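I have placed the structure first, in the form of structure tokens, so that the comments after it can refer back to it.
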Amino acid sequence: MKPVPPSEQQALVERLAAACGGAYSPETRRKYFLSGPQWAAAYEGQALFHAPTRQPVTFTHVIEQWERLGIGYWTTHDTDVIPTSALGTDRQWEIVAEIAAALRKHGVACSMVTTETFHHAVFAASPAAESPEIRQYAAFRVQNTVRIGHELGAQFAVYWPGSLGYFTQGAVEETETLRWYAEALNAACETDLEVAKAKGRPTLKHCLEAKPFEPQAEILLPTSDAMLAFIGSGLLTHPEMVGLNPEYLHELMWGGAPRAALARALLAGKLWHFDINDGYRLKHDVDIAIGLVNPLDWLNVLVLLRSHGYQGPFNLDYKPPRTTSNWGVFHVSFPTAVDRFITLWEMAGEVISDPVVSEATAALKAGAGVRAGVDAAALHEANKELLTLHELIAHRIVQILWGQHRGRTYSW
Ligand code: GLT
Ligand code: MN
Ligand code: MN
């Protein structure tokens, strides 16, 4: 192939992207509760070992692109859009007004706001640090985010605690730190009750997000299950206002089964918000786009959520790779992630209504009908042919993923 000069590269990528097919219209995409984070779109590709590969991107640009693509909702950290020094000032409210105007202009809604309590040096010892003044500042930050959320019409506030942990043992006393962390959340809920009342709006849903490693060596609330225990610990004054924002990859990172973690959150009535992405077990937070690593697992996750009537947002919390250009973020990365999500969602519907899966599942639940009391060997003997259906169901779900249930065979 001839070299591709810079002036022809976007056209080439566009032509190959179109050749992929499988794209949905913006109208179809807008039917799903999909939200696109400011920080994901604006991620410049930097990390510990990496210099940025992309230019900064404004909220106006992101919101405009969400409209073009059909991503109906936008999410943000306070400091993604407001400089730290302007938080709580008149300048903040000017920026918030600009954001509200951009959202209105482009027909995009803000569904969620979150507080950055991990990046700035002030949070080096976590938002629940020993110093009472730093804790007071952390409380101000989450309360301020709640106010911004109400102003922008958000329904959710997310809390990823970041540095709530330690590198070396002994300096941090875990029970004390967790009490202090709860105090900040309590302050956010109190402010929410006041502001919601004053504005005649419903209170926000406050959602905790766990991550097992990073940025500390040891994390005090490493999993969604740890957070469920924290919500029920008695430390929160309004536990009914606090639920979960599990992230698919964060549950996979510690070696858990994301679908089982989501099932436990559903049973607790706390699955309120969901960060969708992909990656690998027992590795760092690679935040790859949905379905590029574990499509079969993702299909099964969506079967669970569809069959339980999950109505919350799907937040596209992934990082476009460093090799993707600024242009590519909005022309390849986001549209393809959204389209894989929709396809998997539709396939999940097919799994749920598939006659083979349905009959096999019903047969397993019907059992053999042979009463053998406490005779374990006889019970097994009576049911063993039915149990073969476990493997058949798995085969069938892979067939649905590959389109074989519609007659596709992989032969040339
Ligand atoms: C940070 C984290 C994400 C969280 C964000 C919300 S912050 O980028 O890695 O998983 O969802 O605060
Ligand atoms: Mn996340
Ligand atoms: Mn992540």
*What are the residue pairs meeting all of these: first residue in the stretch 80-102, first residue in contact (Cβ under 8 Å) with a residue 12 or more places away in the chain, second residue open to solvent by 50 Å² or more (accessible area, probe 1.4 Å) and assigned to a helix (DSSP H, G or I), Cβ atoms under 6 Å, and 6 or more apart or on different chains?*
ASP80/TRP39; VAL96/GLU151; ALA102/THR60
*So how many residues does the stretch 30-81 have that are open to solvent by less than 70 Å² (accessible area, probe 1.4 Å) and assigned to a helix (DSSP H, G or I)?*
16
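Listed here are the residues, each with its yes/no results for (1) out of contact with any helix residue (DSSP H, G or I) (no Cβ under 9 Å at 6 or more places or on another chain); (2) modelled with pLDDT of 95 or more; (3) closer than 24 Å to THR361 by Cβ.
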| position | (1), (2), (3) |
| --- | --- |
| GLY255 | yes, yes, no |
| ILE276 | no, yes, no |
| TYR280 | no, yes, no |
| ILE290 | no, yes, no |
| VAL301 | no, yes, yes |
*asked:* Which residue is most open to solvent (accessible area, probe 1.4 Å), if the candidates are limited to the stretch 232-265 and must be outside any strand (DSSP E or B) and of a type in the set (Asp, Glu)?
replied: GLU240
*asked:* Cβ contacts < 7 Å: first residue of a type in the set (Asp, Glu), restricted to the stretch 164-183; second residue outside any helix (DSSP H, G or I), any location; separation 6+ or different chain. Result?
replied: GLU174/LEU220
*List pairs: first in the stretch 244-269 and over 19 Å from PHE213 (Cβ atoms), second among the polar types (S, T, N, Q) and modelled with pLDDT of 95 or more, Cβ under 7 Å, 6+ apart or cross-chain?*
ARG259/ASN300; ALA265/SER224
_Test for SER85: is it out of contact with any His (no Cβ under 7 Å at 6 or more places or on another chain), open to solvent by less than 10 Å² (accessible area, probe 1.4 Å), polar (S, T, N, Q) and at pLDDT 95 or above_ = no
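Given ALA196, ALA229, which one is without any contact (Cβ under 8 Å) to a residue 12 or more places away in the chain, away from ligand 3 (no atom under 16 Å from the Cβ) and part of a helix (DSSP H, G or I)?
Of ALA196, ALA229, the one residue that is without any contact (Cβ under 8 Å) to a residue 12 or more places away in the chain, away from ligand 3 (no atom under 16 Å from the Cβ) and part of a helix (DSSP H, G or I) is ALA229.
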*Candidates ARG406, ARG340 - the one that is open to solvent by 50 Å² or more (accessible area, probe 1.4 Å) and either of a type in the set (A, V, I, L, M, F, W, C) or more than 23 Å from the chain's Cα centre (by Cα) (or both)*: ARG406
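The values are calculated or read from the model by the stated rules, or taken from the named source; none is laboratory data. Every value quoted in this text rests on a predicted model; they were computed, and no experiment measured them. All Cβ positions, glycine included, derive from the backbone under ideal geometry; neighbour counts span all protein chains shown. Only protein heavy atoms, including side chains, enter the accessible area calculation; ligands, DNA and RNA are left aside. Shrake-Rupley method; radii C 1.70, N 1.55, O 1.52, S 1.80 Å.
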